[in-house]
Amino acid sequence: MSRIGKMPINVPTGVKVALGAGGIHLEGPRGKLSTLIPPGVVVKVEGAVVRVERGGEERQARALHGLTRKLIANMAEGVSKGFNRILEINGVGYRAEVKGQEIHMTLGYSHPVVFPLPQGVTASVERQVIITLTGADRQLLGETAAKIRSLREPEPYKGKGIKYREEVIKRKAGKAVGSAGK
């Protein structure tokens, strides 16, 4: 039995859960989310508790048991509280600003970079170098943050680029430091 899959999901107050044709739908103050339930996995709603169980002992059902439970738990947390992801921009002259549903960034290229935000993700910029992304869908938020980071990944010599706030960049010594000892 999956240790994660057997744990019940406590639905926060203000969140409505509905089982539909092959899927589950959650609605809360932060929005609406839905996902498909894979075959071999059974979802039961009992008041304010959602339980995910296996329909059998096939390998596919065992593999998707914990995943389905975690996806539903993330949806419940997302529609009630929401998620956020913080990115930091490092580099001389690197900056960002939000204009409507777009982030305009100067990242050392010959042109400004305009990144359109997907529906359901909002951004705010502090001090022109800290981007805070918020949204209800954890997967969409993570994908958006990864796409923004890929516009200028942090490099190991000077640490310039876009990084996650909790990310640690391993710094390398330049060639002048490496050849000085010879």
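The values are calculated or read from the model by the stated rules, or taken from the named source; none is laboratory data. Model, not experiment: these values are computed from the prediction. Glycine also receives a Cβ, built like all others from the backbone with ideal geometry; neighbour counts cover every protein chain displayed. Ligands, DNA and RNA are stripped out before the accessible areas are found, and what is left, the full protein with its side chains, is counted by its heavy atoms. Shrake-Rupley method; radii C 1.70, N 1.55, O 1.52, S 1.80 Å.
Accessible surface of the chain, 1.4 Å probe: 52 percent of it comes from carbon and sulfur atoms. Computed over protein heavy atoms with a 1.4 Å probe, the accessible surface of the chain works out to 61 Å² per residue.
Taking amide H atoms as placed 1.01 Å from N in the peptide plane, the amide H of Val42 lies under 5 Å from those of Glu53, Arg54, Gly55, each 5 or more residues away in sequence or on another chain. Using the Cβ of Pro8 as centre and a radius below 12 Å, the other residues enclosed give a net charge of +2, where K and R count +1 and D and E count -1.
Based solely on its DSSP helices, what 222 nm [θ] is calculated for the chain when runs of n ≥ 4 H residues each add -39,500 (n - 2.57) and the sum is averaged over all residues, nearest 500 deg cm²/dmol? Kindly include the intermediate steps, with their values, before the conclusion.
Details: 3 runs with 40 residues, N = 182.
Per the formula, -7000 deg cm²/dmol.
Taking amide hydrogens as placed 1.01 Å from N in the peptide plane, the amide H of Ile103 sits under 5 Å from those of Phe115, Leu117, each at least 5 positions away in sequence or on another chain. Using a/c under 1.5 as the rounded threshold, could you call segment 69-182 rounded, prolate or oblate? The axes a ≥ b ≥ c are square roots of the C-alpha gyration tensor eigenvalues, and prolate needs a/b larger than b/c, oblate otherwise. Oblate is the answer for segment 69-182, as a/c is 1.5 or above yet b/c matches or exceeds a/b. Across segment 1-118, the relative contact order, built from alpha-carbon pairs under 8 Å that are at least six residues apart, equals 22 percent. Taking the centroid of alpha carbons for each part, segment 110-136 and segment 34-92 are 26 Å apart.
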